[in-house]
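Scroll down for the structure; my scribbles are underneath it.
The values are calculated or read from the model by the stated rules, or taken from the named source; none is laboratory data. All of these numbers come straight from a predicted model, not from anything done at the bench. With ideal geometry, Cβ positions are generated from the backbone for all residues, glycine too; neighbour counts draw on all protein chains shown. Each accessible area value is taken on the protein alone, full model and side chains, heavy atoms only, with ligands, DNA and RNA left out. Shrake-Rupley method; radii C 1.70, N 1.55, O 1.52, S 1.80 Å.
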Amino acid sequence: MKFFIDTANLEEIDEARSLGMLDGVTTNPSLISKESVSNQRDVHKHYISICKRLKNDENVSIEVISTSYHDMVKEGEELALLHPKIVVKIPITKNGIRAIKHFYNKKIKTNCTLIFSMGQALLAAKAGASYISPFLGRLDDVSYNGLNLIQNIKNVYDTYHFKTKILAASIRNPLHITECSKIGIHAVTSPINVIRSLLNHPLTDIGLNKFIKDFQNKIN
């Protein structure tokens with residue numbers, strides 16, 4: 001399973017690279033607004049800076065802010081021209097589905113975002129989305145089992161041989177990551193702090209401290 005980092009922060013991307021945990025990046029308008037950008041030119045330069053940190057088949061999903069079909073198409077085509085590693089991120093709306101079909105015909109990769117139901121996942125796959133982003137944590141927030149949705153989407157996609165890849169989003173804790181790996185989806189996209197939390201276990205800390213203490217007592 002691939003690990004994407006959900007961020008627009010260059011330092012966090014570099015940290016993920018140093019850990020060997022960078023298979024791609026996802027962004028959204030909220031994340032880019034946290035960075036030092038003040039105009040559209042700065043935003044585009046920042047996106048290119050992210051792309052330059054990616055290797056081989058890694059990519060970055062960048063979301064359109066337009067909501068009408070024609071504006072989505074125009075903005076998405078502009079984003080795709082910025083760098084070949086850019087995947088155009090489109091919300092699951094009527095205009096969004098139309099735009100995804102347009103981009104599919106143009107051979108522009110897309111990530112259909114804000115997926116919360118099986119029906120939405122079906123529409124995105126039928127339209128030709130390269131990826132979908134089901135929002136796991138936000139479903140849990142409203143007392144719906146997000147992992148069940150991920151499993152159901154995986155089952156249906158496998159049954160009908162859809163090529164759309166599942167990129168689980170809104171990852172809130174390490175259990176989300178490990179459970180997604182059991183389901184066998186393509187990737188999760190997670191904040192760097194949740195990736196770090198996979199390292200933590202109290203028995204690891206206890207064991208390491210004991211090893212060091214035993215060595216120091218013997219050697220000293």
Q.
I'd like the accessible area for R172, computed on protein heavy atoms only with a 1.4 Å probe and all protein chains in place. Round to 10 Å², please.
A. 120 Å²
Q) So what J values fall out for region 82-92 if you push phi through Karplus, 6.51 cos²θ - 1.76 cosθ + 1.60 with θ = phi - 60°, rounded to Hz, Gly and Pro as x? A) 5, 6, x, 8, 7, 9, 7, 9, 10, x, 7
Q: Amide H neighbours of D6 under 5 Å, at least 5 residues apart or on other chains, H built in the peptide plane: list them.
A: T26, S190, I192
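For region 73-137, take N as its residue count and report Rg(C-alpha) divided by 2.2 N^0.38 Å. Please report the intermediate quantities before stating the final value.
On the way: Rg = 11.1 Å, N = 65, 2.2 N^0.38 = 10.7 Å.
Compactness ratio reported: 1.03.
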Q | Estimated D of the chain in µm² per second, where Rh is the Kirkwood radius over Cα pairs and Stokes-Einstein applies at 20 °C, 1.002 mPa s | A | 116 µm²/s
**Q.** Distance between region 58-94 and region 200-220 - C-alpha centres, whole angstrom
**A.** 51 Å
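Expected output is a single nm value to one decimal: the length gained when fully extending between N155 and H201, i.e. 0.36 nm times separation in residues minus the C-alpha distance. What is it? Don't skip to the answer; put the middle values down first.
Values: separation 46, 0.36 × 46 = 16.56 nm, distance 3.20 nm.
Full extension of this stretch gives 13.4 nm more.
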(Q) With just the Cα atoms defining each centre, how far is region 114-181 from region 10-43? Give it in Å. (A) 23 Å
Q. Using modelled backbone amide H atoms (1.01 Å from N, in-plane), which distant-in-sequence or interchain residues come within less than 5 Å of K89's amide H?
A. I62, E63, V64, N111
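Please work out the FRET efficiency for the pair T67 and K107, using the Cβ-Cβ distance as r and a Förster radius of 35 Å; give the result to the nearest 0.05. Spell out each step's value before the answer.
Numbers: r = 24 Å, r/R0 = 0.68.
After rounding to 0.05, the efficiency reads 0.90.
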Q | Spin-label pair I219/K55, simplified geometry with 7 Å Cα→Cβ offset, distance in nm | A | 3.2 nm
